[in-house]
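Take a look at the structure below.
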Amino acid sequence: MEAQFVIPGLGFPVYGYGLFAAIGILLAALWMLPSARRSRMPRGSVCLFLLLGTVLGLLGSRLLFCVFNMDVFTETFENPWLMLKISDGGFSMTGLLLGLFLAGCLSARIAHVTKWQILNLAVPGICLLIMMLRLGERFTDIGIGKALQAEALGRSVPFLFSEETFGILTEYRLKVWLYEAITAGVLFILLAVIYHRDLQSGEPTPGRCALRFAILYGSSQILWESMRDDQHMMLWMAKFGQIGAALLCLAALGVLLHRASSVKKTLYWVLAVLCLGIAALVEFSLDGRITIGHPTHLRDWIILLFCAGGLYLLPRLLEKRIEREKKA
Amino acid sequence: MIMSKITLTLLSLLTVCLVLAIPFVVPSAAITEEAFIRNQTASDEAEEDFDEDGFDFLEEAGVKHRALWAGTGISDILPSSGVRSLPIDLFTPGSAPVESGYTETGYRDETIIVELEQERMFDSDVYIAYVKIATPSQLRTAVAGKKISATSTNLTTTISRAYNGIVAVNGDYFIKTKAGYIVREGQTYREKTSKNMDLLLIDELGDFHILKHGHDNQANGIKAFLSEHSIVNGFFFGPALVVDGEVQEIPENYQFAPFTKNPRAGIAQLDILTYAIVVVNGRTEGSAGVKMAEFAEIMKEIGAQQAYNLDGGNSATLAFHGKVFNAKPQEERSVTDIIYFASAIGE
């Protein structure tokens, strides 16, 4: 149920999720504006990105949701404008990121700066936005994960799990929205440090901050999305958010491979595909479609963690190699 | 590019207005329940029944079968007078069963008799639960979440334990479908007819009514049904296996790979307040599973008057006393809904 608040004197309700989204955008602006001044970005470039980002982010997240849930919009073939009825709810994080990327490219073009300059500046702010959006999921039906197999763990660390009465039982479910929010918060700190360090020392790799966001966020989401149990943005049995996260890692790897000169590109791609293949098998096991050995959620998620780790390490190792080559 | 102050001010104002509007228009990343319900009943006819092909089926193997004889214990008459019905409510569990009433292969109290058997048919392991209940309200359904439209999943055994289910089977995984009259304990989730898939409706007397596929056929059938009965539970999977005691021909274009051997799950009504749950293990060397026509034969052999196929494959689970009864090498799969039988003792 979407939590609504009625502000006295206002007369109409405010959605908890929407409120947190708005706070996220304001926090992103609070990060971007002073950082842009410090990095001597053209006046107005941040404002332009924020405006375009809000519009394109909303549009992108909504349209991608509609594409994956066409069956829900039974009326849209008669009235396609219903897809823009955002008050019905239905947004996609992957679509949001696509919209923000497009906004970054557009605003860079208008402001006559490189897209990497805008994206490097934007990604810590985007982490703040993601953090608030995930916290906002607390007010909705999504963001709750699978039931905990080890109930004792739920009782011992209750704030990490959602306690729910289920018939005569009490079950504990993973609070995936919380884990994702904490991850986004940690990512913000990491990327803010990287951004400021690059400002002081000169950026060794163009788009370093943005690429680091892609591989860190992408690899962490591969694991968190696997824990969700909300059937949001499903593509057959796969979660599109997980596929989008894997594609982010692959995109970062692709960009870095394009820049690298003396590396065995095929080897990197083969290793990346291997990680993805194992991750896909694990997902089949988690969904109960195949049985490998004596599966438990914990075992499968540990394997997935290694796969996500692999998808993080491959571009990182490549990045270090490129930096070494540049210094040499 | 350096923006003029006016342009910058206008841009900033526009951005602030947009951002301030978001709390009033963005309710959730998921579609709201109100919009969802509106879309579930937007039109009576669905163009497609299923939004994905989530089932992978193996190649068929050679078969042979033998007849099955129903246990005689199930013909015992239960003392139904003085037993009050359980509330028709999706989130009210059945009465707590009497632990001493359980045996390895059954359960008995004053309101319910359950007998389980394992047989070998068509080179596969067939698990049958015969159930006789005192009141129709003891044939119940449950979902894994906190409301009928919840998308959470859980193990059949866990959901069964949560609702005091004595014996249970996985349901029709209705959140994956786009059509059908989906009703759970009197609560309607969807009201749509289907061109390709059969419906099972259970009325307030606990009787099964199977409506074969076809928009007109189902629309007329539902109209006639509602003039005499109310829908307590409605399922959308199928195909119909046995209707009025007659084995049904399986349509060629029916979904769920009906002509290959696979694990199956189904439910049947044998008589007034007398039912059977049948689950066939598959995808192993010792038990390949059955084709839909073979499954229909099994239902006929056990004396089904009405029989309906439910979600099979790795979902097929017969839960008894909170544990998996149809021992299979595959791990139990999480599902969204179950059908279970509960005791009404103490009501």
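Some observations on this one:
- Net length available on complete extension from A:Glu164 to A:His258 is 28.9 nm, with 0.36 nm assigned per residue and the Cα-Cα distance removed.
- Chain B, accessible surface, carbon-and-sulfur percent (1.4 angstrom probe): 53 percent
- Kyte-Doolittle mean at least 1.0 and Cα axial length at least 30 Å: DSSP H helices in chain A: A:16-38, A:45-68, A:176-201, A:265-286
- When the chymotrypsin sites (Phe, Trp or Tyr not before Pro) in segment A:182-242 are filtered for DSSP coil states and for at most 14 other beta-carbon atoms within 10 Å of their beta-carbon, the remaining sites are A:Trp236.
- Close Lys pairs in chain A (alpha-carbon distance under 30 Å; sequence gap of 8 or more, or different chains): 18.
- When the helices of chain B are scored as -39500 (n - 2.57) per DSSP H run of n ≥ 4 and the total is divided over every residue, the value at 222 nm lands at -5500 deg cm²/dmol.
- Counted without the sites themselves, the longest stretch of chain A free of trypsin sites (Lys or Arg not before Pro) in a DSSP loop having at most 14 other beta carbon atoms within 10 Å is A:41-263.
- Surface share of carbon and sulfur [accessible, 1.4 angstrom probe, percent] for chain A: 69 percent
- Semi-axis lengths, Å, segment B:295-338, gyration tensor of Cα atoms, sqrt of 5 times eigenvalues: 22, 12, 11
- Taking the Cα centre of the protein assembly as shown as reference, the dipole from Cβ charges on Lys and Arg (+1) and Asp and Glu (-1) amounts to some 4780 debye.
- Taking every protein chain into account, the 1.4 Å probe leaves A:His112 with about 140 Å² of accessible area, to the nearest ten.
- Net charge of neighbours whose Cβ lies under 9 Å from the Cβ of A:Glu164, counting Lys and Arg as +1 and Asp and Glu as -1: 0
- Cα-based values for segment A:108-165, radius of gyration first and Dmax second, are 19.0, 57 Å.
- Rolling a 1.4 Å probe across the protein heavy atoms gives segment A:150-225 an accessible surface of 41 Å² per residue.
- Space enclosed by the convex hull of the alpha-carbon atoms of the protein assembly as shown, per residue, Å³: 180 Å³
- Rounded to the nearest 0.05, the FRET efficiency derived from the C-beta distance between B:Leu18 and B:Arg84 at R0 = 51 Å is 0.30.
- Listing of segment A:76-123 residues, each with accessible area lower by at least 50 Å² in the full protein assembly than in the chain alone (probe 1.4 Å): A:Asp88
- Accessible area that becomes buried as B packs against A, both chains, 1.4 Å probe, Å², nearest 100: 5300 Å²
- Calculated [θ] (222 nm, deg cm²/dmol) that DSSP helices of n ≥ 4 give over chain A, each run adding -39,500 (n - 2.57): -22500 deg cm²/dmol
- The slack between A:Val157 and A:Leu298, meaning 0.36 nm per residue of separation minus the straight C-alpha distance, is 49.1 nm.
- Calculated FRET efficiency for the pair A:Ile110/A:Arg38, C-beta based, R₀ 22 Å, to 0.05: 0.55
- Angle between chain B longest axis and helix B:292-301 axis [Cα atoms, degrees, rounded to 10]: 40 degrees
- Environment charge of A:Leu33, counting only residues whose C-beta is closer than 14 Å and scoring Lys/Arg +1, Asp/Glu -1: +4
The values are calculated or read from the model by the stated rules, or taken from the named source; none is laboratory data. What you are looking at is a predicted structure, and each value in this text was computed from that prediction instead of being measured. Glycine also receives a Cβ, built like all others from the backbone with ideal geometry; neighbour counts cover every protein chain displayed. What goes into the accessible areas is simple: the full protein's heavy atoms, side chains included, and nothing from ligands, DNA or RNA. Shrake-Rupley method; radii C 1.70, N 1.55, O 1.52, S 1.80 Å.
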